[in-house]
Amino acid sequence: MEKGENGLRVPQHIALILDGNGRWAKKRGLPRTAGHRQGCITVEKTVEDAARLGVRYLTVYGFSTENWKRSAEEVGALMQLFRYYMKRLLKVAKANNVRVKMIGDRTRFDKDIIEGIGRLESETAGNTGMTFVIAVNYGGRDEITRAVRRMMEAARAGTLSAEEVTEETVASYLDTAGIPDPDLLIRTSGELRLSNYLLWQLAYSEIYITDCLWPDFNREELIRAIRQYDQRDRRFGGADE
Ligand code: IPE
Ligand code: IPE
Ligand code: MG
C-alpha cells in the first residue's frame, strides 16, 4: 500500500458511521436539527480531507433503514437537509474530482430526491479521484435481502444456478458491487456497535472508535484514525509469518 502524506499508510477504503449529531446539539442547548446541519458541513470537509490524503473510497452512513423510526419532525428535517446538501455536494465533488455513488434503497424517498441522487451520480461518473459513497435508507440486512431477492429472480429466469453461487456472486449482487471492502471503519461518539452497517463488507475491516462527536470531527481526527490503522497488524484469519 502507498505511503502517503506524513509517511502514513493510507487505507484504500474508509467506512464511516457518523454519529453524535444529536448529542452535539444537546450539549449546546440547540435542537437536534442544528447538529445535523453542522454534521453536513463536517461531511463536506471530510470528503475534501480524505480525497487530499489519497483515500480512494469513502463510504458514509447518512441515514439508516431504522432511522425512519425517529420523529416525523426529525425525519422531515433530515430530508430537507439532504435536498440542500445534494446540491452543495455536486459542487464539492466537481471541485475535487470526486465520483459520488449512493447505496441503500432509494425508492422510498420522494421523487425529487431520487432524481437528485441520479443527477449526482451521473454528473460525477467521469471523475477519476476518490469515490464518495453515501449510504441512505441503507441497512446491511436490507441490502442482503434485496440481493437474495434479485438472485432468486435470476434463478427463475434461468440466468443463475445454485452451483454458480460463490462469495463473489453474492458480492456482485450487493449495492457495493465493484467497490473493494473497507479497510478501516471509523465510528464517532463512542458507540460500540455496527448499527446494521455494511454487514457483509466489514468482515475483516479494522475498527476505530472515537468519542469525538461527528460535528467536531476534523482532519486531525481523521489522521489520528489513519495513524492508528497504520500501526495495526492486519490479519485475515492466518497466523504470523
Ligand atoms: C447521527 O447522529 C446522524 C444520523 C443518524 C442521521 P445522531 O442523530 O444519531 O446523534 P445522536 O446519536 O443522537 O447523538
Ligand atoms: C447509525 O447511527 C446510523 C447513521 C449514522 C446514519 P444511529 O444513531 O442511528 O445508530 P444507533 O441507534 O445508535 O444504533
Ligand atoms: Mg446516533
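Key figures
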item	result
Filtered residue count, segment 16-75, keeping only those that are more than 25 Å from ARG106 (Cβ to Cβ), of a type in the set (A, V, I, L, M, F, W, C) and either within 12 Å of ligand 3 (Cβ to nearest atom) or surrounded by 15 or more Cβ atoms within 10 Å (Cβ to Cβ) (or both)	4
Whichever residue in segment 217-237 is aromatic (Phe, Trp, Tyr) and buried (at least 16 other Cβ atoms within 10 Å of the Cβ) and, among such residues, is nearest to ligand 2 (Cβ to nearest atom)	PHE217
Boolean, ILE14 is away from ligand 1 (no atom under 16 Å from the Cβ) and either of a type in the set (A, V, I, L, M, F, W, C) or outside any loop (DSSP other than H, G, I, E, B) (or both)	yes
Residue satisfying condition, being at pLDDT 95 or above, within 17 Å of VAL98 (Cα to Cα) and within 15 Å of ligand 1 (Cβ to nearest atom), within set THR42, THR65	THR42
Tally of residues being more than 14 Å from ligand 3 (Cβ to nearest atom), within 17 Å of VAL60 (Cα to Cα) and hydrophobic (A, V, I, L, M, F, W, C) across segment 155-202	10
Enumeration of residues in segment 79-107 that are free of Cβ contacts under 8 Å to residues at least 40 places away in the same chain, assigned to a helix (DSSP H, G or I) and among the basic types (Lys, Arg)	ARG83, LYS87, LYS91, LYS94, ARG106
Filter result for ASN137 (within 13 Å of ligand 2 (Cβ to nearest atom) and open to solvent by less than 50 Å² (accessible area, probe 1.4 Å))	yes
Scope segment 217-241; condition among the charged types (D, E, K, R) and closer than 17 Å to LEU53 by Cβ; matching residues	ARG219, GLU220, GLU221, ARG224, ARG227, ASP230
Selection count where residues are surrounded by fewer than 22 Cβ atoms within 10 Å (Cβ to Cβ), within 13 Å of ligand 1 (Cβ to nearest atom) and polar (S, T, N, Q), scope segment 169-192	1
Qualifying positions in segment 142-180 - of a type outside the set (Ser, Thr, Tyr), within 16 Å of GLY104 (Cα to Cα) and part of a loop (DSSP other than H, G, I, E, B)	LEU174, ASP175, ALA177, GLY178, ILE179
Cβ-Cβ under 9 Å pairs, at least 6 apart or on other chains, segment 164-186 side over 27 Å from TYR208 (Cα atoms), far side part of a loop (DSSP other than H, G, I, E, B) and open to solvent by less than 30 Å² (accessible area, probe 1.4 Å)	THR169/LEU160
Some residue of segment 193-216 being more than 16 Å from ligand 2 (Cβ to nearest atom), under 19 Å from VAL55 (Cα atoms), open to solvent by 70 Å² or more (accessible area, probe 1.4 Å) and more than 14 Å from the chain's Cα centre (by Cα)	yes
Any chance GLY29 is away from ligand 2 (no atom under 16 Å from the Cβ), over 15 Å from the mean Cα position of the chain (by Cα), within 28 Å of GLU220 (Cβ to Cβ) and among the small types (Gly, Ala, Ser)	yes
Among the residues listed as LEU89, LEU58, the single one being hydrophobic (A, V, I, L, M, F, W, C) and within 23 Å of ALA25 (Cβ to Cβ)	LEU89
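The values are calculated or read from the model by the stated rules, or taken from the named source; none is laboratory data. Since the model is a prediction, treat every value here as computed from it, not as a measurement. We place every Cβ from the backbone using ideal geometry, glycine too, and count neighbours over all the protein chains shown. Accessible surface areas use protein heavy atoms only, side chains included; no ligands, DNA or RNA. Shrake-Rupley method; radii C 1.70, N 1.55, O 1.52, S 1.80 Å.
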